[in-house]
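> Here it is, the structure, as structure tokens.
The values are calculated or read from the model by the stated rules, or taken from the named source; none is laboratory data. Nothing here was measured: the structure is a model prediction, and the numbers come from that model. Cβ placement follows ideal geometry from the backbone for every residue including glycine, while neighbour counts extend to all protein chains displayed. For the accessible areas, the whole protein counts, side chains as well, though only heavy atoms, and no ligand, DNA or RNA atoms are used. Shrake-Rupley method; radii C 1.70, N 1.55, O 1.52, S 1.80 Å.
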Amino acid sequence: MGRLDKLKKKSAARTEAMDEAQNRMTAQAIVKRVNDVEPERLDLNMIVANPDNELYRTDDTEEEIKKLADNIRMVGLLHNLVVCKCEDGENKGKYELLSGERRFKALNYLVRTYPLDDNAPDWNRPYCIKLEGLSDVEKVVYLDTANLMVRGGFGNEKIARKATVRFVENLQKPPFNMTESEAKKQLKELSPMKPRTIDKGLSIEKNLLPELKDLLDNGIITRNSAESYVNLTLAEQKAAAEAFVLAEKIEPLSQREKAKKQLADSLRDVLDSSDLTQRTDILSSAKKAVEELCKKPAPTQKREKTSYGRDSVVIGEQVPAVTKKLKRLAKAFDLNGGLDIILARSVEERETYIQNLDDLIELATSIKQDIQSTM
């Protein structure tokens, strides 16, 4: 092959690569498609929540939904819902939400709460953008893109971390086919999260043992600690996770927190050491210390005040007093004066007396049976 032929081949390869990069699907490209679709009204009962949005909805509160509903009631729905038709499954024929679940919930709240409002028909048939021809991966990428753009940096560390990981992983699949570096670059363009936060989150999801990730997700260990624990060996991570789980069983809470702090300090010592034997010894000693604390009985708690003392007074003093009064009343009936007093009352009053006595007999019988059961 001559020099000219090599140049032509190199030029053709460069042109092909440029065309591929230009035509490559991006997350922004899906978002832009929304602008090309004319919105149309859709019945609320034809729209279903997206299971892939579970990650984000855990951070939504009923108070926020009601606040959004109040805003929609005053100024109307300012942003259309974005949906995609379900082609199979139990929701076949309906439309799955890709963007706007909080608005969808707020609209449902308005329909339930103000069914006779003049705007109820509009709430029940909101304008929607219907996207078609999206693959399952594209749907999740659009959902994550919309949330990353709207929710920004997130207030929930767990949601931010898992959302960024899912987004980057999906952009490496067809039809996007990006490298990890390209996917991370696009994420950084969409979200105000700092590049270091994104990189650390990806590192945690990729390198941290599942047991430690569970502890992070449940708030037992901190994000900063998790970032450092990825540098432990898998065996060390496993031992650390077991120690933290044990520490959670220590009572009282003050002692538990103290044990967790000591364990965290020991893990920092492990990370500071380059001697594997020394690292093993430090971690082993830390775990044994937690185990010893778990064996110690929890300090005796002061007995909480209950109504037991008052109840015993009722049985020991008031029951005899009531019995004495009833005996006195029965004795009065033996005299004409007692009967005359009752006859002077109306029929309704006497019926009330009878009902009260029946209730007293029933209660007394029940109490008697409870006491007999202890003998």
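> Packing-wise, with mean Cβ within 10 Å as the measure, how do 120-132, 71-83, 53-65 rank, highest first?
120-132, 71-83, 53-65
> Right, here's the next one. How much area per residue is accessible in the range 182-229 when the probe is 1.4 Å and only protein heavy atoms are counted (Å²)?
51
> Something else now. Could you state the accessible area per residue of the range 43-148 in Å², with a 1.4 Å probe and every protein chain left in place?
It amounts to 53 Å² per residue over the range 43-148.
> Measure off, as a whole percent, the carbon and sulfur share of the 1.4 Å-probe accessible area of the range 55-207, all protein chains present.
Answer for the range 55-207: carbon and sulfur cover 47 percent of the accessible area.
> What pairs in K32/K130; K162/K184; K94/K162; K261/K296; K249/K288 have C-alpha atoms more than 20 Å from each other?
K94/K162
> List the residues whose amide H sits under 5 Å from the amide H of S99, counting only those 5 or more places along or on another chain, with H placed 1.01 Å from N in the peptide plane.
V82
> So for the range 41-81, considering every pair of alpha-carbon atoms, how many percent are separated by more than 14 Å?
Every Cα pair in the range 41-81 considered, those over 14 Å come to 65 percent.
> Please report the net charge: other residues with Cβ closer than 11 Å to the Cβ of K295, K and R +1, D and E -1.
+1
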